[in-house]
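**Q** If you scroll down you'll find the structure; I have some questions about it.
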Amino acid sequence: MEKFITMAHGDGGEQSHELIQAVFVEPFSSEKEAIFDAATMPWTSGEVVMSTDSFVVKPLFFPGGNIGKLAITGTLNDISVSGAKPMYLTCGFIIEEGFSVDDLKTIVKSMRDEADKFGVKIVAGDTKVVEKGSADGMFINTTAVGMYVHKRPNPYEIQAGDSVLINGTIGDHGVALMTARGQLGITSDIESDCAVLTDMIDKLQAEVASIRIMRDPTRGGLATSLVEIAEDFQCKIIIKERNIPIRNEVHGACDIVGFDPLYMANEGKVIIICAQEDEEKVLTIMKEFKTGQNATKIGSVSEIGIGQLMLETPLGAKRRLSRLAGVMLPRIC
């Protein structure tokens, strides 16, 4: 096997075969499964859930992860926060000519390792090679398929008094990407929060009946995700600035470049709205998991019929928050 990707690896001939056998077959499937162009997925009765996502993160390797780990976590979390259990996944690679085969193997292994942790099977894939300078190293597309095994959350049941919770600190992924790029003169030990939340969410759904909605605040950050919930389901949400968990390093980095942590990207966080009487139960369950150690209540639903997100400052003043406007930090996933 050559050390770098060439255009011949994308031509469907001998070198394409060699690439698939050397890099993808062992991590993703058995030899028997790999000879077919389509996958067979055993299924039980129930509603099928599907989500697809594309990943163009820059750089490909960053503190706490790489594009492969991010592709798995991002897509599986999209299935999980919808209330379903992810079961199968496909992946497509667009690889630039000259890309290191060793780096490709590292990325593929991280994808397999992350999927294996949660019993998700990678069942199909595709590779394409483009000319040098056409893909900035690599792009990945992933599609996940799952099914509902618990009661499906119903955001139309959101009520005044419901609690708004999050499983940990915000902005870590955005700051990790900023420092990895080295463009803004920022140094930090912050790692991306890139992580699959499937096991934590599965236990929450099994034990808490009043979960109204779950949402992963990725691009656009916490504020944008909450604005979307408020507007889509016509509820007024008030979050308290002093309750929002933000690392000092994230605050510091954002202050230097003039960014607002509320709009910084996350890749291992989930917003949960549930009945007030269940908030302690939800927080206790989240804190059982590594991904929920810093879980906390950040606000509540104050009334129904008005789609607004309000931020309450430590002095008690309130201001309305809107979606992220413009481009703050591109290519974070």
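The values are calculated or read from the model by the stated rules, or taken from the named source; none is laboratory data. These figures come from a predicted structure and were not determined experimentally. Glycine gets a Cβ as well: all are built from the backbone with ideal geometry, and neighbour counts include every protein chain shown.
**Q** Out of curiosity, is residue 118 buried (at least 16 other Cβ atoms within 10 Å of the Cβ), touching a Leu at 6+ places or on another chain (Cβ under 9 Å) and modelled with pLDDT under 95?
**A** Yes; evaluated as a whole, the condition is true for this residue.
**Q** Still on this structure, I have one more. Restricting to the stretch 208-237, count the residues that are under 13 Å from the mean Cα position of the chain (by Cα) and of a type in the set (Asp, Glu).
**A** Count: 1.
**Q** Residues 49, 123, 57, 108: which one is assigned to a helix (DSSP H, G or I) and either on the phi > 0 side of the Ramachandran plot or of a type in the set (Val, Ile, Thr) (or both)?
**A** 108
**Q** Another question, if that's okay. Go through (1) under 18 Å from the mean Cα position of the chain (by Cα); (2) more than 21 Å from residue 331 (Cα to Cα); (3) not acidic (Asp, Glu) for residue 147 and report which single condition fails.
**A** Failing condition for residue 147: (1).
**Q** So, residue 280, is that one assigned to a strand (DSSP E or B) and either assigned by TED's automatic domain parsing to the domain that holds residue 139 or among the acidic types (Asp, Glu) (or both) or not?
**A** no
**Q** Hey, any hits in the stretch 272-281 for a residue that's in contact (Cβ under 8 Å) with a residue 24 or more places away in the chain, surrounded by fewer than 15 Cβ atoms within 10 Å (Cβ to Cβ) and not hydrophobic (A, V, I, L, M, F, W, C)?
**A** Within the stretch 272-281 (the criterion being in contact (Cβ under 8 Å) with a residue 24 or more places away in the chain, surrounded by fewer than 15 Cβ atoms within 10 Å (Cβ to Cβ) and not hydrophobic (A, V, I, L, M, F, W, C)), the answer is yes, since at least one residue qualifies.
**Q** What number of residues within the stretch 298-331 are assigned to a loop (DSSP other than H, G, I, E, B) and out of contact with any Gly (no Cβ under 6 Å at 6 or more places or on another chain)?
**A** Residues meeting the conditions: 16.
**Q** Consider residue 86 against the criteria (1) assigned to a helix (DSSP H, G or I); (2) farther than 19 Å from residue 57 by Cβ: it satisfies all of them except one. Which criterion is unmet?
**A** Going through (1) assigned to a helix (DSSP H, G or I); (2) farther than 19 Å from residue 57 by Cβ one by one, residue 86 breaks only (1).
**Q** Turning to a different aspect of this structure: So, in the stretch 74-121, how many residues would count as being charged (D, E, K, R) and under 16 Å from residue 9 (Cα atoms)?
**A** Here the count works out to 5.
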